[in-house]
1. How do E82, E118, E19 line up, fewest other C-beta atoms within 10 Å first?
2. Provide the percentage of antiparallel DSSP beta bridges, counting only those with both residues in the chain; round to the nearest 5.
3. Starting from 0.36 nm per residue, how many nanometres of slack lie between E68 and V111 once their C-alpha separation is accounted for?
4. For the chain, what is the mean residue ellipticity at 222 nm derived from helices alone (per DSSP H run of n ≥ 4: -39500 (n - 2.57); sum divided by total residues; nearest 500 deg cm²/dmol)?
5. Just checking my list [x] 1.08; [y] 0.94; [z] 1.24 against Cα Rg over 2.2 N^0.38 Å computed from this structure; which label fits?
6. Given charges of +1 on the Cβ of Lys and Arg and -1 on the Cβ of Asp and Glu, with all other atoms neutral, how large is the dipole of the stretch 17-125 about its Cα centre, in debye to the nearest 20?
7. Expected output is a single nm value to one decimal: the length gained when fully extending between S30 and S15, i.e. 0.36 nm times separation in residues minus the C-alpha distance. What is it?
8. Give me S85, S34 sorted ascending by neighbouring Cβ count inside 10 Å, so fewest comes first.
Amino acid sequence: MTAPPFSEPEGPHFSHDPEALDAFLGGATSGFSSRYHIEDRVLYRDRTDPIALALGGGAFLVRDDAAELGSALGAARANPVEVDSQLGTAVALQAVGLPAARWDFWARDPVEGRWRLEACAENWWVMPHLRG
């Protein structure tokens, strides 16, 4: 489980919030803007609110109340695959410990994305090893 940041964020500083979103969707594992903070595979809003989780290979879990990510995901060629994904919710719960959230599953390639989601659900600890 990822703990909230107790110090200043690390990594590159992005002048504009869309740059931070694009970096996260492009695979960045650190960096921050005035509103967003990337820590490993998690995108935080306002430093402590996890709103997206990168599964690698262009697959993402996105909280259903993170509407600001929609256009950035589209620009990254990711498409919604499953709304309120039960499997995604289980993976996100293990990864970020947010039990009351609903998570949508997005992917550039739905087949590879589903494989990544299932691999993380089966053994959530493999998530950091799913690079690409």
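1. Values: E82 18, E118 12, E19 15.
Ranked by crowding around the Cβ, least crowded first: E118, E19, E82.
2. 95
3. Going from the current span to full extension adds 13.0 nm.
4. Result for the chain, helices only: -8500 deg cm²/dmol.
5. [y]
6. Dipole size: approximately 100 debye.
7. So the extension gain works out to 4.0 nm.
8. Fewest to most other Cβ atoms nearby, the residues stand as S34, S85.
Each reported figure results from applying straightforward, stated rules to the coordinates on display, with no laboratory input. Small disclaimer: the values here were computed from a predicted structure and weren't measured. Cβ atoms come from the backbone with ideal geometry, glycine included; neighbour counts cover every protein chain shown.
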